[in-house]
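Below is one structure, written out as structure tokens, with a few remarks after it.
The values are calculated or read from the model by the stated rules, or taken from the named source; none is laboratory data. Here the structure is a predicted model, which means the values were calculated and not measured. Note that each Cβ is placed from the backbone with ideal geometry, even for glycine, and that neighbours are counted across all protein chains shown. Side chains included, ligands, DNA and RNA excluded: accessible areas come from the protein's heavy atoms. Shrake-Rupley method; radii C 1.70, N 1.55, O 1.52, S 1.80 Å.
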Amino acid sequence: MLEGTHPMALEAGLLEILACPACHSPLDDRSAADSPELVCTGDDCGLAYPVRDGIPVLLVDEARRPA
């Protein structure tokens, strides 16, 4: 990321239609953080999907498992 720039939050309309590919639960937008990601809100899932260059990578193989 360039110095002086900040990560941009995802478009609200996009977040409304996205769901966790593993369990189909809604995703929590944490794309404004230092490590941008979308986190599954499902009770038994909790996978965190990376956001790279403003694009969500919704692949289970790329997701971070909950701690």
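Points to keep in mind about this one:
- Cross-chain or 6+ apart pairs with Cβ under 8 Å, region 45-63 first and within 12 Å of residue 29 (Cα to Cα) and at pLDDT below 95, then aromatic (Phe, Trp, Tyr) and not in a helix (DSSP H, G or I): 56/49
- Filtered residues of region 31-67 (kept if buried (at least 18 other Cβ atoms within 10 Å of the Cβ) and among the basic types (Lys, Arg)): none
- For beta carbons closer than 9 Å, sequence separation of 6+ or different chains, a first residue in region 13-27 that is part of a loop (DSSP other than H, G, I, E, B) and modelled with pLDDT of 95 or more and a second that is open to solvent by less than 50 Å² (accessible area, probe 1.4 Å) and of a type in the set (Ser, Thr, Tyr), the qualifying pairs are 19/25; 20/49; 21/49.
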